[in-house]
Structure formats: structure tokens, C-alpha cells
1. Rounded to the nearest 20 debye, what is the charge dipole size of the chain about its Cα centre when +1 sits on each Lys and Arg Cβ and -1 on each Asp and Glu Cβ?
2. Helix 415-439 against the longest principal axis of the chain: what's the angle in degrees, Cα atoms only, rounded to the nearest 10?
3. For region 183-221 and region 246-310, compute the distance between their C-alpha centroids and round to whole Å.
4. What does the charge count around Phe183 come to, taking other residues whose C-beta lies under 13 Å from its C-beta (Lys +1, Arg +1, Asp -1, Glu -1)?
5. Output the pairs from Lys547/Lys567; Lys233/Lys562; Lys166/Lys346; Lys233/Lys567; Lys208/Lys567 with a Cα-Cα distance over 29 Å in this structure; if there are none, say none.
6. Loop-only chymotrypsin sites (Phe, Trp or Tyr not before Pro) in region 341-450, please: DSSP not H, G, I, E or B, and at most 13 other Cβ atoms within 10 Å.
7. Could you tell me the distance between the Cα centroids of region 126-180 and region 404-453, to the nearest Å?
8. What lysines could a cross-link reach from Lys368, if we take a straight Cα to Cα line under 18 Å and drop same-chain neighbours fewer than 8 places away?
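What follows draws every value from the coordinates through simple rules; no lab data is involved. Just so it is clear, the structure is predicted and the values come from calculations on it, not from any experiment. Note that we place each Cβ from the backbone using ideal geometry, even for glycine, and neighbour counts take in every protein chain shown.
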Amino acid sequence: MYLNIVFLPLIGSIVAGFFGRFLGGRGSGLITISCVGLSFLLSGLAFYEVGLAGSSTYLYLMPWLESDSFHVDWAFCFDSLTVVMLVVVTFISTLVHLYSTEYMGEDPHLPRFMSYLSLFTFFMLILVTADNFVQMFVGWEGVGLCSYLLINFWFTRIQANKAAIKAMLVNRVGDFGLALGIFGIYICFRAVDYATVFALAPQLCSVKLSFLNINFDALNLIGILLFVGAVGKSAQLGLHIWLPDAMEGPTPVSALIHAATMVTAGVFLLARCSPLLEYCPNALFIISVVGGMTAFLAATTALVQNDLKRVIAYSTCSQLGYMVFACGLSNYSVAVFHLANHAFFKALLFLGAGSVIHAVGDEQDMRKMGGLRRLLPFTYAMMVIGSLALMGMPFLTGFYSKDVILEISYATYSNASHFAYWLGSFAALCTAFYSIRLLALCFLSEPNGSRRMLLSAAEGSWPMGLVLGILAIPSIFIGYFSRDLFIGLGTDFWGNSLFYLPSNLSIIDAEFMSTGVKILPLCLSMLGGFASFILYKNYSSTLFLFKTSFIGRKFYTFLNRKWLFDKVYNDFISQNILDFGYHFTYKTIDRGLIESLGPFGISNVLLDQVNKSRMWHSGYLYHYLVILGWSNVIFGIWFVFGIQFLQVQVLLLFIILWSIL
């Protein structure tokens, strides 16, 4: 059963990929939906056995890499953390597969698309079920590959090409950090399997590791390098620039990347490595600060974005910041709880956005929409549910995890935690603002689109509506029903899959905080949502005057240009690397050194010398005798007077060359 969970999506991907031209779009969709759906049902059984019944499972498949003391197996570990991720990934993936058969129904390459989606799911399952860091790295690289293939699915579009390359290159930076972290783990622990590494972690607290010729505390260095990998995949500050550009892919791809796969991999890695990170206080400090800054920066950037999918993409980046700084505060269970909750309402938002885009002729600019609540009432209702859950409104799913993260950050009593708390609280205000702004511009304001677009707008077919309806249920209820199981005081659900040092457990303190601190994020959310509704419902003149003022225009431009991250990267990094590559690598080495030694260098010299040597071939024997005689005389004089200054090796070399000539 457990192996079927992992390998069924691979089977569906292979069948759709190699036999899709015979099966057609509908046949490929049926095969892949069946395989991923069966994997979800089996994941539900695994969740019952492992999570609820407490029967963790370990499966040894076969040895993989053997070299002296380096030993890696193909093995699968199913514990509480794994089965939670399995249920989330397979559930979202099944619905995205079903949604895609209708959303992409007219695309001639639908079998290829379904094959890529199933392959994406397979690699994510490999990542979360791996028993060691090397096997996990296979899934890690696999989801990166599939994200490239899916973002670049419409490969004739130059923007899709650029976005896919950007995602791949930015993730290479994070993957390089993760690879260094795995190398460091092997150097220190002489093993890469989780059980050995986590068991030995307390014994290596005082070990030093040399990196870049500087001695660092080994565990802190490894923790930071692992976090660099998480920064790349989970789009944290600095390496977040690929995530909004990933919107160039089809909308189902965006939903799968942002809800269940790819971006959740970094948070999963931090949670999985909790027994290691607990002994890395400096690394945890950096994780907390970077997570809080990411939540704030992404939320402020989303305030003024006009592309429907980019607004939701930046909200994903912001929510990932919450999860990351929860991990930095050693509250991994709360981070994973928010990850699971976030997956449902973020998938609902993205697929709802896809329904809107599908209805208005692939228009994504919110300024050209408006008035869609009468034309798309069901989609409007689903988007309202998703937006309110994202805002953390009471009794919806997001409320039960996001507010707990902020309470814990306030109750931890450290500089990093309070820094993250205030940035996270302000990010909550911004989240409510851009969520209501999205609803107002798309659905509530007066129509701004063309007449032709509005006349053709209509709800999607039943598969799209069914998927949205199914996702709305967990977006409302799953947080309430699973709160006590995942983060309730005294719960033993996580078992040994997550680890806390007793000094780092602040969830108990969070229960006894003052009411004012507890409800501050909620009050800020309601304030942001109300302000956005007032400003954008009827396009307030106050908003227009602020945007056109000197300060307002600068402020708007700065945020709209994403805090100028792209400009800094392009002007100071990318352009300099390209200039260096052209002027040095290409002109000096390729066109200069290599061609001088190669096709236009030595070959031309040799050819010229051969042409000149023809003058010595007169055909007369006495000419050859004279040359041979004088050569012997010169060689004899040189041998008598100069050879004592040369080494024997040089003499032998000269004699050999002379004999050849």
C-alpha cells in the first residue's frame, strides 16, 4: 500500500506521456486522475494507520550508493509528518488534475500537461517520504525540473521561457546551499540517513567545521546551509523573485506549485530537520528574521499589483514567511498546521482565479474587470471564502493557524520573535487589504472590461465548479476540526517526527497571553479589509489623489516594482555576469586563446612552415649533403661547449626532436 502511494502517480505520468497520442486528452486525464486519486485514498488509510493509530512505517527497498563508508539506501519513512504531507499533496493534486481536464480541454498538448502534473506529484511524494538526505535531494531536484517544464509548458511564449529559466536558475542557488549542507552533514556525521544524523546531533554541539577557510560551529553552519535550500524552494527574501514570474504557466500549475508542491518543500525540510535545528540557535535566529521580513515584504508588494494571479502569488510568499518564522521559533507543528491549512484555501483562490480568467477571455489585469459578481456568482462566493480564510477571519481555516503563529511569536520573548511578531501583524493588515482589493476590483466595482468580454463571461463547466466546491469545505472547516489534533496542548500526534527542546516550547505561554495581544492581528486584519473596501468599492477620489501626489507616486512605484529587487539583480548581478561572460570568457578565451591555439593558430603556423620548407627540397643530392654536414658541425660545437649547462632530460628531448627532424 505504501509504495503504491508513491509510485501510482509515476505510472500515470508514464502512461500519459508515452501513450498520450493514442489515449487523447480525455483518456490521459482519466488515467492520471485515477492514479493520483487512488494514491489519495491510500494516503488517507496511511494517515489513519500512522497518524491516528500511531503505527509508523519504515520500508527498505534496496541499496543505492556504496562507496567505502558512504552508504545510501532506497528506503521510505512514513511517520506523522510524512502522512500529513501525503494527504495534502495527493488531495490537492487530484483536484488540480480534475480541474485541468476542463481548463486545458482545448489544448492539443493536454496529455503532455497531465503527464507533467503527475510527475510533479511523484517527485513531491519522493521528497516527503525519503529516509535520507540524498533520496530527499532526488525529489527536491525533481520538483524543480517539473516546475521548469510546467511554467514553460506554453514554450512558444517568450515570457514563459524567461520565467522558467529564472525559476530554474534562482532555485539552483538554493539547491547549491542544500547540497553543501548535505556534504557538511556527511563530513560531521559520516551518514546521511535521518535516524543516524538526528540521533547524533546533541553529541556534535561543540564540533567545528572549516568553510571558506574559516572555522564555524558545525551545526549552525549546516542549519544555515539547509535553510539556504529552503529559501530557494519556499521563496524567502532574496530568492523570492522567481515565484511571481511563475504565473506565466497555466493556472492549474500555479495552484499546484503554490498550494501543495514546490514551495512547501522548504518548510517541510525545516520541519523534518527539527532534531538538528534545535541545536542550531544562530540558524534559528536567522530563520526567524528572514521569515518575518519575507512576510512583510511580500504583503506590501501585493498591495499594488494589478495582475490577478500575481496578487495571490505574493500572498503565498507572505504566508510562507509566517511558516518559516514559526519554524525559526521552534514551533514546527504550528508551521506544518498552517502549511496544511494554507494549501486548501490557496488552491481555492488560484483555481477560482483560473475560473475568472477562463470566463473573461484570459484577461488577468484586475483593472479591466469589475462587475463579475452577477455574471460569476458561484466563483464569487468561492473567492470570498478563500479570501476570508486567507485574511484569518474567525471560524475559517486560516484563523486557527495564522493567529497562533503570531501569538507564539509574541510569547517567545526574544528580539527575533518580537521583530517577527510586529512585521507579521502588519503583514496581516496588508493581507486583508489586498484580499478585499482583489474582490472589489474583480467583482464589486463597476464593470471596466470591454463589452465583448462581459457578454462572453460565464461560469465554467461542472468539473471546475465541483473542484471549487470541494475545496471550499476544508477552507472553512479543516482548521477547526484538526486544531486540537495538530497543535492542541498534550497531543501526541506528531510522536517522534518533530522535536522540541523544552526551553523552546512557547505554545503554552501563548495560551495565557492577554486578550489584547491575541486579538490585535484580527483587529488589524479587519481594519485593512474595511479600508480596502471603502477605497476600492467605488474608486475613492482620495485614493486617486494619493496615487497621483509626489509621495504617493513614489510609494506606489516602489512597491509596484517589487522593492526594486529585479532591478538590483539585473543591473548589478545579471548584467555584470553577462558582460564578464562576453568580454572575458567569449572574446578572450573562446575567440582568443582557444582559436589561437586551435583552428586559426597552430594549424596556420604549421601550414605556413610546411610551405616555406619546400624551398629546401631542391632535388639535388649535394644540397642535402651540405645541409647535413653543417648541421652536424653546429650540433657538435653546441654539444661540446653548451651541454654541461643543461640537464640530461633536456638533452634527451633535444636528441629525440633532432632525430625526428
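1. Working: 35 positive and 34 negative charges, 414 e Å.
Dipole of the chain, to the nearest 20 debye: 1980 debye.
2. Between helix and principal axis, roughly 70 degrees.
3. Value for the Cα centre distance between the two parts: 26 Å.
4. Details: positive: Arg190; negative: Asp175.
So the environment of Phe183 carries a net charge of 0.
5. Values: Lys547/Lys567 22 Å; Lys233/Lys562 19 Å; Lys166/Lys346 23 Å; Lys233/Lys567 21 Å; Lys208/Lys567 38 Å.
Pairs exceeding the cut-off: Lys208/Lys567.
6. Numbers: sites: Phe344, Phe345, Phe350, Phe378, Tyr380, Phe395, Phe399, Tyr400, Tyr410, Tyr413, Phe419, Tyr421, Trp422, Phe426, Phe433, Tyr434, Phe443; in loops: Phe395, Tyr413.
Taking region 341-450 and a limit of 13 other Cβ atoms within 10 Å, the loop chymotrypsin sites (Phe, Trp or Tyr not before Pro) found are Phe395, Tyr413.
7. Answer, in whole Å: 28.
8. Cross-link targets: Lys309, Lys537.
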